[in-house]
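Worksheet: the structure to be examined is printed underneath.
The values are calculated or read from the model by the stated rules, or taken from the named source; none is laboratory data. Values in this document were obtained by computation on a predicted structure and should not be read as measured data. So basically every Cβ, Gly included, is an ideal-geometry build from the backbone, and we count neighbours across all protein chains shown.
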Amino acid sequence: MRILKTIDKGDYTSDMPVYEKYTVRGVIIREGKIAVQQSKAGDYKILGGGVEQGEGLADALLREVQEESGLIVIPESIRPIGEIVEKRRDLFDSSMIYLCHSCFFFCDAKERLEAMHMTASEQEKGFHLVWVTPEEMIKGNEPFCETQPWSYRDREFVRMLPELL
């Protein structure tokens, strides 16, 4: 998958152990709006999450989008966009480097929704499905970009979106 952007905070040393993770992100657009999760704090997150061991990217995308939004991705509609690589000190273990490959895909979803299965952390943050314009997402994530790496990553992706369509 082609690299769209590398976000490297450089806040680590080269001798630190690396925790490497792959995630998937589903970009579902209807009538100019993107399906995203919004927290009670007001930030937005593109639908998706971690790839489990032995799971393919497409299967992870189907599972993660459904868990986070209730939307059912149409498998035949999945089209790879590219990857954003994040490299920084791990938020949970500052003695490690966090290396994350976020793989973005355009996809379509069925009209009907199924039950969501969010993590305790997502529930605590009050995440829920909303449809927003790219401009709303960029502006909404702006206040969170310094403290939440995922808000920065998703804002940067949405800024690139016009050239990716």
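Quick check on Val24: is it in contact with a Cys (Cβ under 9 Å, 6 or more places away or on another chain), at pLDDT 95 or above and closer than 22 Å to Phe127 by Cβ? Here the answer is yes, as Val24 does meet what is asked. Given the condition under 27 Å from Tyr12 (Cα atoms), part of a loop (DSSP other than H, G, I, E, B), at pLDDT 95 or above and charged (D, E, K, R), answer yes or no: does some residue in segment 93-102 qualify? Scanning segment 93-102 turns up at least one residue that is under 27 Å from Tyr12 (Cα atoms), part of a loop (DSSP other than H, G, I, E, B), at pLDDT 95 or above and charged (D, E, K, R).
If you check Gly42, Gly48, Gly82, Gly10 for being in contact with a Pro (Cβ under 9 Å, 6 or more places away or on another chain) and at positive phi, only one passes: Gly42. Scan segment 32-57 for residues that are touching a residue at least 12 places away in the same chain (Cβ under 8 Å), of a type in the set (D, E, K, R) and out of contact with any strand residue (DSSP E or B) (no Cβ under 6 Å at 6 or more places or on another chain) and the total you get is 2.
Residue pairs whose Cβ atoms lie under 8 Å apart, sitting 6 or more positions apart in sequence or on different chains, and linking a residue in segment 148-163 that is of a type outside the set (A, V, I, L, M) to a partner that is in a loop (DSSP other than H, G, I, E, B), are Gln148/Asp43; Pro149/Leu91; Ser151/Asp43; Ser151/Cys145; Tyr152/Cys145; Tyr152/Glu146; Arg155/Cys145. When Arg88, Arg63, Arg112 are checked against the criterion of being under 22 Å from Met1 (Cβ atoms), basic (Lys, Arg) and in a strand (DSSP E or B), a single residue qualifies: Arg88.
Of all residues in segment 120-147, those being in contact (Cβ under 8 Å) with a residue 24 or more places away in the chain, in a loop (DSSP other than H, G, I, E, B) and either closer than 21 Å to Gly50 by Cα or not hydroxyl-bearing (Ser, Thr, Tyr) (or both) number 3.
Yes/no per residue for (1) at pLDDT 95 or above; (2) under 15 Å from the mean Cα position of the chain (by Cα); (3) charged (D, E, K, R):
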residue: Met118; (1), (2), (3): no, yes, no
residue: Glu124; (1), (2), (3): no, no, yes
residue: Glu142; (1), (2), (3): yes, no, yes
residue: Phe157; (1), (2), (3): yes, yes, no
